[in-house]
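To start, the structure itself, in structure tokens.
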Amino acid sequence: MSGITAERAVPDRPSRADSYLTVETGLASWLLTTDHKRIALLYMAAITVFFFVGGAGAVAMRIELFTPQADLLSADAYNRAFTFHGVIMVWFFLIPSIPVILGNFLLPLMIGARDLAFPRLNLISWYIFIAAGALAAYTLLAGGVDTGWTFYTPLSTAFANGHVLAAATAVFVAGFSTIASAVNFIVTTHLLRAPGLTWFRLPLFVWALYATSVVMVLATPVLAMVLLLIFAERAFGIPIFDPLRGGDPVLFQHLFWFYSHPAVYIMILPSFGVISELVTCYARRRVFGYSFMVYAILWISLVGFLVWGHHMFVSGQSVFASLAFSLLSFVVAVPSAIKVFNWTATLYRGQIVFDAPMIYALGFIGLFTIGGLTGLFLASVPVDVHVTDTYFVVAHFHYIMVGGAVSAFYGGLTFWWPKMTGRLYPEGWARFAAVMMFFGFGFTFFPMFIMGFLGMPRRYHVYPEEFQVWHVLASAGAVILAAAYLLPMGYFAWSLVWGRRASANPWDATGLEWQTSSPPPRENFLVSPAVDRGPYDYHPAHTGPPSMEREPHRPQGGQA
Amino acid sequence: MNRFSLWPQAASEQAARVDLLFIGLLVISGAILLLVAGLLLVFCLRYRRGSSAPRGLLPGFLRRDVEIGWTTGTLFLALFLFWWAGATQLRAKDPPAGALEIHVAAKQWMWKARHPNGAREINALHVPRGEAVRLVMTSQDVIHSFFVPAFRLKQDVIPGRFTEMWFRATEPGEYRLFCAEFCGTDHARMGGTVTVMQPEDYARWAAAQPQEENLAEEGARLFTALGCSGCHAPASAVHAPLLAGAYGRMVHLADGRTIRADEAYIRDSILQPKRDVVAGFEPIMPSFEGLVDQGDLQRLVAYVQSLRGEAAR
Ligand SMILES: [Cu+2]
Ligand SMILES: [Cu+2]
């Protein structure tokens, strides 16, 4: 039991002079910090603001759609609301949330490093993000944009009268922040792993962050380029997409989706990692098929670059191109299915505890499965022709990105909250919020599948009466969902003051991040850890976990 | 357009095929969902902490074999679904020869249709039941999308380009027409009605519409008015290709390429004649960019298309 002895040697709580939260004080010590843990909290503050702003757009839409007529918003106001909701949620919430909050905080801890490879770059990337956010806020205050987050040409270049250039610049700038973080993560994973932490001993969350970062570095420049082209045409009249001057409006869609399909995986891959950590810990079992999980992540990141044309089945592209993209889209579904099967199989012969993070994880698996299966409908060309640009697609990607990624984000935040803050959250409330999030999500978005199949187009602020019943259901569900999102903010804040103190490893988890005090000291580990085994050693290899006791499990390594 | 239903009306041949595929996908994904949810439920109950279920080592076969098994299983399922969907799509690829050709022009925020006999309508489309109908569509401003849920069909309508879609309606009735691609302020109001009529009714309806010249005839007048005939007429002194029979054939270009003279090619010949120069001719044809609008362009193209018929006769 050498591992456990090593664990006991770690103090549960650092002294005030050690804890990263209190080692320095004052506003400047936060705004100029290069500590990855503090920067993660800076990101959390900024992203929470964006979540509220983007959420406000959603609320406005759901209220408007309660009746078929226009009552709350004018046509233009509605168009601006959904554009803003999309832009903020995609680039200022979903893409950054898990990587730059949980990832920033945990990556060095999980691999036994003192910080990221480039601590100052990490801080700069936060400032770039804030600059981008300020531009986005300016766009909103100046009157907004009405192109949809997809910025399709020639609408965006020649016809839209909103602040397209400001919005495009905001997204352009945000991209640099993404790239900076991604480079940092890649280098950190390559260079700063603790002795003994070989690639195939990495926790799956680290693998997921690594793959996400590679996709970010490869895809984001394409977005930057296409935004520059929009700039060139709209600001300087250089014809690129304008058909009247020999341009090709559909070219934009190719470039945009060449980025934006991989972006879907930027949003969902990190949550795969989070869910793997949660499921193994609360099932007290080694993850089923570790190497397949790794290959699935890599396979998704690779093939994810080759399927962009499935967004363009009705754009007039040749049927044969559509079929090629359809085939690749079916192929990329396989690794996602593998992940779902493996999480399920991890539960087999486990010792399952239904703490809040586990409920989030189970909810994730359910919602992600529905989201993934409806992806098969959309990969089928004839069905996609009918349901694309309808609420069916809206439902599909919200199942993946909100039911999936946001549930995983909340689950991960709950799981690592004691490590980040040194406080335990109230378990009962957290379970309640997790259950409510699952059902609220279902009530909001399942009706959208039905109305989409019935033919309700997306981005409509008025609609034929026959769709009203589904819109009413969705709007009612959204109330529950909103409450489920707000509740954790309340009890997390509460726990900062009144929450019980957390021990170093409250969940008896095996990752290196738990082999240091909660919250960790500024240098993460007082003694640099060494790793002597793979992740998730929740039970001895020759037998499963017992039915009741939490031991024996062995940490991946420790500060010994 | 009934008020409450779980299944959209189906009023075209393609709709029946799409629905079959959709049902197949529902059954398969429903089964997978039940399997996953069932396993989750059973495992969660049986292996909850403190339950007396025996745990211990996983049976040996449950490692690699099972993993490889379900990987190949899902792969084959995916390939099967691809084949089914692909075959369904290919069956509906080309319109039959002699399909009724209706021209559709989209603009912010209305649909304009023009029937072969010159009948025009706005935000409405009348079509005969049982006959193949081919829509040749273009947009005058941004991208729109012609969407008729009851036909399970949708096609983007793009400026500077012709896109096509075709269908054979099976059920008389009135169906909704939507614009599905976001196109600006009044996108949500850019809709209308598709009316499927018995063929006799359609013929009567079309004849009763105010008769206007058809597209090709108007195009013929433009052809003279714009001076095209000065070069392209058989008697012209200028060395320019005769356009009779030009549409649809393979053209040899001066740079060695060979391309089919489709609508896009004719359109390009008018707007950017220097791009594809016909072999054996000087690039003297001026660009009509800015001189002709999208409507004129459609008329000219229709005229050149109609010349095919004369050559064949
Ligand atoms: Cu995609
Ligand atoms: Cu439109």
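General observations
- Residues in segment A:524-547 that are in contact with a Lys or Arg (Cβ under 7 Å, 6 or more places away or on another chain) and either away from every other protein chain (no Cβ under 14 Å) or of a type in the set (S, T, Y) (or both): 9 in all.
- A:Q253 fulfils the conditions (1) within 14 Å of another protein chain (Cβ to nearest Cβ); (2) more than 16 Å from ligand 1 (Cβ to nearest atom) except for a single criterion, (2).
- Segment A:528-540, residues that are touching a residue at least 24 places away in the same chain (Cβ under 8 Å) and more than 13 Å from A:Y282 (Cα to Cα): A:S528, A:P529, A:A530, A:V531, A:D532, A:R533, A:G534, A:P535
- One residue from B:R267, B:R275, B:R260 being of a type in the set (K, R) and either buried (at least 17 other Cβ atoms within 10 Å of the Cβ) or on the phi > 0 side of the Ramachandran plot (or both): B:R267
- A:E513 being under 25 Å from A:Q351 (Cβ atoms) and outside any loop (DSSP other than H, G, I, E, B): yes
- When A:D384 is tested against (1) closer than 30 Å to B:D156 by Cα; (2) open to solvent by 10 Å² or more (accessible area, probe 1.4 Å); (3) charged (D, E, K, R), only condition (2) is not met.
- Of the residues B:G69, B:G30, B:G38, B:G24, the single one that is in contact (Cβ under 8 Å) with a residue 40 or more places away in the chain and within 30 Å of A:A296 (Cα to Cα) is B:G24.
- Those residues of segment A:147-173 which are in a helix (DSSP H, G or I) and closer than 21 Å to A:V394 by Cβ, in sequence order: A:L155, A:S156, A:A167, A:V171
- Condition met for B:G69 (more than 8 Å from every other protein chain (Cβ to nearest Cβ), open to solvent by 10 Å² or more (accessible area, probe 1.4 Å) and under 30 Å from A:Y538 (Cβ atoms)): yes
- Residue list for segment A:450-461, filter: at the interface with chain B (Cβ under 7 Å from one of its Cβ atoms) and either open to solvent by 20 Å² or more (accessible area, probe 1.4 Å) or farther than 22 Å from B:G184 by Cα (or both): A:I450, A:F453, A:L454, A:R459
- A residue that is within 18 Å of B:F43 (Cβ to Cβ), over 19 Å from the mean Cα position of the chain (by Cα) and open to solvent by less than 10 Å² (accessible area, probe 1.4 Å) occurs somewhere in segment A:352-361.
- Restricting segment B:44-61 to residues that are part of a helix (DSSP H, G or I) and open to solvent by 30 Å² or more (accessible area, probe 1.4 Å), the residue that is nearest to A:I338 (Cα to Cα) is B:F61.
- With respect to the conditions (1) within 16 Å of ligand 1 (Cβ to nearest atom); (2) away from chain B (no Cβ under 11 Å), A:V314 falls short on a single one, namely (2).
- All conditions in (1) in a helix (DSSP H, G or I); (2) closer than 25 Å to A:A117 by Cβ; (3) of a type in the set (D, E, K, R) hold for A:E523, with the sole exception of (1).
- Elements of type helices (runs of 4 or more DSSP H) contained in segment A:36-146, each with 1 or more residues being surrounded by fewer than 19 Cβ atoms within 10 Å (Cβ to Cβ) and of a type outside the set (S, T, N, Q): A:36-64, A:75-87, A:119-142
- Residue in segment A:320-338 that is open to solvent by less than 40 Å² (accessible area, probe 1.4 Å), in contact (Cβ under 8 Å) with a residue 60 or more places away in the chain and part of a helix (DSSP H, G or I) present: no
- Matching residues, segment B:88-106, being more than 16 Å from ligand 2 (Cβ to nearest atom) and either within 18 Å of A:W343 (Cα to Cα) or surrounded by 13 or more Cβ atoms within 10 Å (Cβ to Cβ) (or both): B:T88, B:Q89, B:L90, B:A92, B:P95, B:A99, B:L100, B:E101, B:I102, B:H103
- Residues of segment B:194-209 satisfying the condition of being out of contact with any His (no Cβ under 9 Å at 6 or more places or on another chain) and either under 14 Å from B:A113 (Cα atoms) or of a type in the set (A, V, I, L, M, F, W, C) (or both): B:A203, B:A207, B:A208
- Matching strands (runs of 3 or more DSSP E) fully within segment B:148-207 where at least 1 residues are within 9 Å of another protein chain (Cβ to nearest Cβ): B:153-157, B:163-168, B:173-179
- Some residue of segment A:541-551 being out of contact with any strand residue (DSSP E or B) (no Cβ under 9 Å at 6 or more places or on another chain), open to solvent by 50 Å² or more (accessible area, probe 1.4 Å), free of Cβ contacts under 8 Å to residues at least 60 places away in the same chain and not in a loop (DSSP other than H, G, I, E, B): no
- Residues within segment B:150-161 that are over 18 Å from B:M110 (Cα atoms) and buried (at least 23 other Cβ atoms within 10 Å of the Cβ), tallied: 3
- The residues of segment B:162-186 that are open to solvent by less than 30 Å² (accessible area, probe 1.4 Å), away from ligand 2 (no atom under 16 Å from the Cβ) and under 13 Å from the mean Cα position of the chain (by Cα) amount to a single one, B:F167.
The values are calculated or read from the model by the stated rules, or taken from the named source; none is laboratory data. No experiment lies behind these values; they were computed from the predicted model shown. Note that we place each Cβ from the backbone using ideal geometry, even for glycine, and neighbour counts take in every protein chain shown. What goes into the accessible areas is simple: the full protein's heavy atoms, side chains included, and nothing from ligands, DNA or RNA. Shrake-Rupley method; radii C 1.70, N 1.55, O 1.52, S 1.80 Å.
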